[in-house]
Amino acid sequence: MTINLSVSGLAWVFGGFETFKYVLIFFGFFISLLIKEVNAKNEYLFYYNNGISKLQLFIYTFLVNFAFSLVLILVINLLLKFV
């Protein structure tokens with residue numbers, strides 16, 4: 001999530017809030033997955049041992065990221081309306 005928020009923060013600075021929303025939900029998540037795949041490819045053993053495939057793990061984490069992103073975007077929208 002740290003990488004996702006960092007990439008999204010840069011998108012907000014250079015592209016505005018609309019760009020931030022799309023980058024937070026999609027692009028930042030996939031950049032995080034790519035970095036995880038490159039740097040820690042062998043750390044999926046815990047999930048394999050518990051019967052969770054890599055595809056299931058990616059889908060679940062995308063859904064959690066999507067829900068978190070929507071809540072964060074709603075909170076930011078409310079804060080921006082009051083400022």
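The values are calculated or read from the model by the stated rules, or taken from the named source; none is laboratory data. In this text the structure is predicted, and so the values were computed from the model without any measurement. Please note: Cβ atoms are built from the backbone with ideal geometry, for glycine as well, and neighbour counts cover all protein chains shown.
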Identify all residues within region 1-22 that are closer than 15 Å to LEU63 by Cα and either modelled with pLDDT of 85 or more or aliphatic (A, V, I, L, M) (or both); write none if there are none.
MET1
Could you tell me whether region 40-56 includes any residue that is at pLDDT below 85, in contact with a helix residue (DSSP H, G or I) (Cβ under 8 Å, 6 or more places away or on another chain) and of a type in the set (Lys, Arg)?
yes
Extreme residue, nearest to GLU18 (Cα to Cα), among residues of region 35-83 that are β-branched (Val, Ile, Thr) and part of a loop (DSSP other than H, G, I, E, B):
VAL83
So, in region 43-57, how many residues would count as being in contact (Cβ under 8 Å) with a residue 12 or more places away in the chain and of a type in the set (Ser, Thr, Tyr)?
1
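Listed here are the residues, each with its yes/no results for (1) in contact with a Cys (Cβ under 9 Å, 6 or more places away or on another chain); (2) among the hydrophobic types (A, V, I, L, M, F, W, C); (3) within 17 Å of LEU70 (Cα to Cα).
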position	(1), (2), (3)
VAL7	no, yes, yes
TRP12	no, yes, yes
GLY15	no, no, no
THR19	no, no, yes
ILE25	no, yes, yes
GLY28	no, no, yes
SER32	no, no, no
LYS36	no, no, no
ALA40	no, yes, no
Search result, residues across region 1-34 that are of a type in the set (A, V, I, L, M), assigned to a helix (DSSP H, G or I) and either surrounded by 17 or more Cβ atoms within 10 Å (Cβ to Cβ) or under 12 Å from the mean Cα position of the chain (by Cα) (or both)
ILE3, LEU5, VAL7, ALA11, VAL23, LEU24, ILE25, ILE31, LEU33, LEU34
